[in-house]
Amino acid sequence: MTFGTGHLDTGVALEPAVLPWVLSGRSGEGLRAQASRLLARARADAGLDVAEVGRMLAAPRVAFPHRAVVLGAGPDELLAGVRAVAEGAEAANVVGGEARAVDRPVFVFPGQGTQWDGMAVELLDSAPVFAASVRECERALARYVDWSLEDVLRGVPGAPTLDRVDVVQPVLFAMMVSLARLWDSFGVRPSAVVGHSQGEVAAACAAGALSAADAARIVALRSKALGAIRGRGAMITVLAPNAQVRTLLSGWEGRLSVAAVNGPSAITVSGDADAVTEFESALREARMLRWRVPGVDFAAHSAHIEEIHGELLDLAAGITPRPADAVFYSTVVGEPIPTAELDAAYWYRNLRQTVRFDDAARALIADGHTTFIECSAQPVLTVGLQDTAEEAGATAVIMGTLRREEGGMNRFLAALAEAYVRGVAVDWKAAFATPAS
């Protein structure tokens, strides 16, 4: 499952409920002028075919820096949006901006916590590329699980729910790599990938560093292995500088540790459940913002993981890392690494050691990467990334894909539009599907 390679049987492609009309100009005045010309021509066409107009606008051409994407389900919505662009006005169905020169973006893959019921249903029914990728993940996971991935995603009665770690982690893996494949189908391919905790498995798979079979093995068997330490741990996120949190933790040495550094002032702490409760009380007294990581009753990235050290090494034995199509920035070491290092020992360290997401983000920015797209059902790392970029003095484009309760193709097209108007190259022809031959 690599970017730009391989084949997915996508069946018949479907027209989305919302279509994009793509406009650009050398200046704001030029953009408004193009919108005015389009509006005049569209009004004169009694039998306006909105999909055909969209295809013409999406045809390969020079994309000027002043850009707008009008999203609409029919001529009334689309023409109203074009009118707003022509008048220099804002409209709910128009995404506009000035593009700057950018390299290909960084794809970001978060850990557990982005899930919500029904998050994939709309795309399964409207995005053949996404659905085909989910089916590929289901086949890869089938050797290790006794439930149907699609049944879980659709909430079929009798299917397990997302409150089980051995279910939610494989489901989120499939969700993330399938969203990455959907971006890829519109010509958006990453220059680098970075993953947070279990998100590193998705990052490695999406970039081609792990086969779907090897990635499925790691994520499915590792999530099962966590059952041995469930019920004794907890995790809590604290909005405070790393140094301040580490000072506060001095009273719980051996019982709590820093599990992840997600940004300059976003720290996750992990450890014994009773110690987390005590620490939570201390944070409350100090009036520090904090929240429990939902649905987690184990202590990832803590000494608890050492109890399953041997099992974790055994379950990942025999995997074969491969060269990747994008640079892999490790959140285990906080910098790019050769993908040949993604062996069984690495995947143990990935679960045991502190997630150095902030360090990896700083390394990405220092290397010139300033456009980040989080491939998830709900963005959770964008705020920390923005804080890191600001502290590093960088101007960055940071965005998500889907949002809670907004999981369809309409939301995805809006994300594409946001990326495009900020400078990311998008193949808009893919939005105007035709039946597969």
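The values are calculated or read from the model by the stated rules, or taken from the named source; none is laboratory data. Keep in mind the model is a prediction, meaning the values are calculated, not measured. Cβ coordinates were reconstructed from backbone atoms using ideal geometry, including for glycine residues, and neighbour counts include every protein chain displayed.
Within segment 83-100, restricting attention to residues that are among the small types (Gly, Ala, Ser) and in a helix (DSSP H, G or I), the residue that is nearest to Ala414 (Cα to Cα) is Ala84.
Among residues that are within 17 Å of Leu385 (Cα to Cα), surrounded by fewer than 19 Cβ atoms within 10 Å (Cβ to Cβ) and touching a residue at least 12 places away in the same chain (Cβ under 8 Å), Asp367 is included. Within segment 139-157, being assigned to a loop (DSSP other than H, G, I, E, B) and among the hydrophobic types (A, V, I, L, M, F, W, C) holds for Ala142, Val145, Trp147, Val156.
Does Ile373 satisfy being under 22 Å from Ala216 (Cβ atoms) and β-branched (Val, Ile, Thr)? So Ile373 fails the test.
This table checks each residue for (1) touching a strand residue (DSSP E or B) at 6+ places or on another chain (Cβ under 6 Å); (2) aromatic (Phe, Trp, Tyr); (3) assigned to a helix (DSSP H, G or I).
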{"residue": "Ser36", "(1), (2), (3)": "no, no, yes"}
{"residue": "Met56", "(1), (2), (3)": "no, no, yes"}
{"residue": "Leu71", "(1), (2), (3)": "yes, no, no"}
{"residue": "Gly81", "(1), (2), (3)": "yes, no, yes"}
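Close contacts from segment 232-257, counting a first residue that is on the phi < 0 side of the Ramachandran plot and a second that is surrounded by fewer than 15 Cβ atoms within 10 Å (Cβ to Cβ) and in a strand (DSSP E or B), with Cβ to Cβ under 6 Å and a gap of 6+ residues or different chains, come to Ile236/Arg292; Thr237/Trp291.
Among residues of segment 328-344 that are assigned by TED's automatic domain parsing to the domain that holds Val201 and surrounded by 16 or more Cβ atoms within 10 Å (Cβ to Cβ), those with a beta-carbon under 6 Å from a residue that is of a type in the set (Lys, Arg) and in a loop (DSSP other than H, G, I, E, B) at least six positions away or on a different chain give the pairs Thr331/Arg356; Gly334/Arg356.
A search for C-beta distances below 6 Å between a residue of segment 127-138 that is under 19 Å from Ser376 (Cβ atoms) and any residue that is among the hydroxyl-bearing types (Ser, Thr, Tyr) and in a helix (DSSP H, G or I), counting only pairs 6+ apart in sequence or on different chains, returns Val129/Ser185; Phe130/Ser178; Ser133/Ser178; Val134/Ser178.
Taken together, the residues in segment 49-74 that are buried (at least 16 other Cβ atoms within 10 Å of the Cβ) and more than 30 Å from the chain's Cα centre (by Cα) amount to 2. The residue that is nearest to Val238 (Cα to Cα), among those in segment 261-288 that are acidic (Asp, Glu) and out of contact with any helix residue (DSSP H, G or I) (no Cβ under 9 Å at 6 or more places or on another chain), is Glu280.
Would you check if there is a residue in segment 274-293 being in a loop (DSSP other than H, G, I, E, B) and among the charged types (D, E, K, R)? The answer is yes; a qualifying residue exists. Only one of the numbered conditions (1) more than 28 Å from the chain's Cα centre (by Cα); (2) surrounded by 19 or more Cβ atoms within 10 Å (Cβ to Cβ) is not met by Gly96, and that is (1). Number of residues in segment 403-437 that are part of a loop (DSSP other than H, G, I, E, B), more than 17 Å from Pro128 (Cβ to Cβ) and under 14 Å from the mean Cα position of the chain (by Cα): the value is 1.
It is to be established whether one or more residues within segment 373-391 are touching a helix residue (DSSP H, G or I) at 6+ places or on another chain (Cβ under 7 Å), small (Gly, Ala, Ser), free of Cβ contacts under 8 Å to residues at least 60 places away in the same chain and not in a helix (DSSP H, G or I). No. Applying the condition of being β-branched (Val, Ile, Thr) and touching a residue at least 60 places away in the same chain (Cβ under 8 Å) to segment 139-166 and asking which residue is surrounded by the fewest Cβ atoms within 10 Å (Cβ to Cβ) yields Val145.
Candidates Ser126, Ser133: the one that is over 19 Å from Leu38 (Cα atoms), assigned by TED's automatic domain parsing to the domain that holds Ala326 and in contact with a Lys or Arg (Cβ under 8 Å, 6 or more places away or on another chain) is Ser133.
Here is the figure for segment 299-327: residues that are part of a helix (DSSP H, G or I) and either exposed (fewer than 15 other Cβ atoms within 10 Å of the Cβ) or of a type in the set (A, V, I, L, M, F, W, C) (or both) total 11. In the set (1) surrounded by 20 or more Cβ atoms within 10 Å (Cβ to Cβ); (2) in the same structural domain as Arg164 (by TED's automatic domain parsing), the condition left unmet by Leu31 is number (2). Whether a residue is among the small types (Gly, Ala, Ser), within 23 Å of Met399 (Cβ to Cβ) and either touching a Cys at 6+ places or on another chain (Cβ under 6 Å) or not assigned by TED's automatic domain parsing to the domain that holds Val171 (or both) was assessed, and Gly74 does not pass this test.
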